[in-house]
Amino acid sequence: MPTETVAGVDWAGGAWLAVVFDGDEEPAARLEPDLEALWTDRDFDRLLVDVPIGLPDDEATLAEREAVDSAARSAAERPSSVFPVPSRGACEAAAAGADYEAVSDRNRADLDKGLSRQSYHIAPAVGEVDAFLRGDESAREAVMEAHPEVCFRGLAGRPLDHSKTGAPGVGERLAALDGHLDGPSAALGRICRDLFDAAEDGGDGTEDAAIEAADATADDAVDALGLATVARRPTDELRFLPGDDAERRDAEGVPMRMAYWSPEPLA
């Protein structure tokens, strides 16, 4: 039975939604105001996080980053689910509260390209994770980028047919967890109940304010559960995009890679 403590983590529009497996215990959901608070709360062996890790600063690092994202689009066979990654400077500006035009201008100055609205909206969360990993070198090998669509593609053993935002898509992703997780439907029900209880209890203090601000949806919960299921695999069983033999790091030494599991490589 698994003995490690791992989590799958998804940004829920105001807080981090984590599905935690502590050894062989049932999965439990948590909401945290920042990723570092989750990391330091207990001795995690692995976190798989659904935000880009390893950011471009210039033309050379952009090419490395785009190799990861291109491989993810091909592996998931759902290209629109992988957003262009903002530059480090753009993420820092967004995390500091800059508006869309200012962040897009900074991205253009760094990478000679503007920024989509979708990428702008995730940029503060990306900047937060980047600042955390630059400040804590010990976390860099254990806190890994992962994309839910890639992970579910690997777990299912085939391309997904339905969007995660609809009931058929949720059912399809739960079916992908069969054989990898005991009772995935029941696990999702417990996670949603945990989130309900957290929302009911929120309201006091920094953490509770973040919980109240969070906008966790059912597909966020499914994504976090999928990432957590992959995170339970031993590190030596994980695969990485754009290739298991690729060693890419950004200018600050943060790894550029995307973790997943599949019987056979997806790229």
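What follows is calculated from the coordinates using simple rules that are stated; it is not laboratory data. All values reported here derive from a predicted model rather than from experimental measurement. Here the Cβ positions follow ideal geometry from the backbone for every residue, glycine too, while neighbour counts run over all protein chains shown.
Report the calculated FRET efficiency for TYR100 and ASP182 (r = Cβ-Cβ distance, R0 = 45 Å), to the nearest 0.05. All intermediate terms of the calculation are to be shown ahead of the outcome.
Values: r = 44 Å, r/R0 = 0.98.
The formula returns an efficiency of 0.55 here.
Could you put MET258, MET144 in order, starting from the residue whose Cβ has the fewest other Cβ atoms within 10 Å?
Details: MET258 26, MET144 22.
The fewest-first ordering by Cβ neighbours comes to MET144, MET258.
Kindly write out, for the stretch 148-161 in residue order, the coupling ³J(HN,Hα) from the Karplus curve 6.51 cos²θ - 1.76 cosθ + 1.60 (θ = phi - 60°), rounded to whole Hz, with x marking Gly and Pro.
Once θ is set to phi - 60°, the couplings for the stretch 148-161 become x, 5, 5, 4, 5, 4, x, 5, 6, x, 6, x, 7, 9 Hz.
For a quick check of your reading of the filter: which GluC sites (Glu not before Pro) in the stretch 99-179 sit in a DSSP loop and have no more than 13 other Cβ atoms within 10 Å? Please list the in-between numbers first.
On the way: sites: GLU101, GLU128, GLU137, GLU141, GLU145, GLU149, GLU172; in loops: GLU141.
Filter output for the stretch 99-179: GLU141.
Quick one: in the stretch 1-103, what % of C-alpha pairs are over 19 Å apart?
Pairs farther apart than 19 Å: 58 percent.
Which one, (1) 54, 20, 17; (2) 32, 23, 16; (3) 27, 22, 18, gives semi-axes √(5λ) of the Cα gyration tensor in Å as derived from the coordinates shown?
Computed from the coordinates, semi-axes √(5λ) of the Cα gyration tensor in Å corresponds to (3).
What value, in deg cm²/dmol to 500, does the helix sum -39500 (n - 2.57) over DSSP H runs of n ≥ 4 give at 222 nm once divided by the residues of the chain? List each step's numbers first, then the result.
Details: 10 runs with 125 residues, N = 267.
When only DSSP H runs of four or more count, the value is -14500 deg cm²/dmol.
Taking 0.36 nm per intervening residue step and subtracting the Cα-Cα distance, what contour gain separates ALA218 from SER70 on full extension? Walk me through the numbers on the way to the answer.
Details: separation 148, 0.36 × 148 = 53.28 nm, distance 2.72 nm.
Fully extending the segment from ALA218 to SER70 adds 50.6 nm.
If the only charges are +1 at each Lys and Arg Cβ and -1 at each Asp and Glu Cβ, what is the size of the charge dipole of the stretch 1-116 around the Cα centre, to the nearest 20 debye? If you can, show how the numbers build up before the last one.
Values: 10 positive and 26 negative charges, 81 e Å.
Computed about the Cα centre, the dipole is about 380 debye.
Please work out the Cα convex hull volume for the stretch 51-128 and give it in Å³ per residue. Please report the intermediate quantities before stating the final value.
Details: hull volume 5.7 nm³, N = 78.
With only Cα atoms used, the stretch 51-128 gives 73 Å³ per residue.
What's the FRET efficiency of PHE196 with ALA37 using the Cβ-Cβ distance as r and R₀ = 30 Å, to the nearest 0.05? Display every interim value, and only then the final one.
Numbers: r = 21 Å, r/R0 = 0.72.
About 0.90, to the nearest 0.05.
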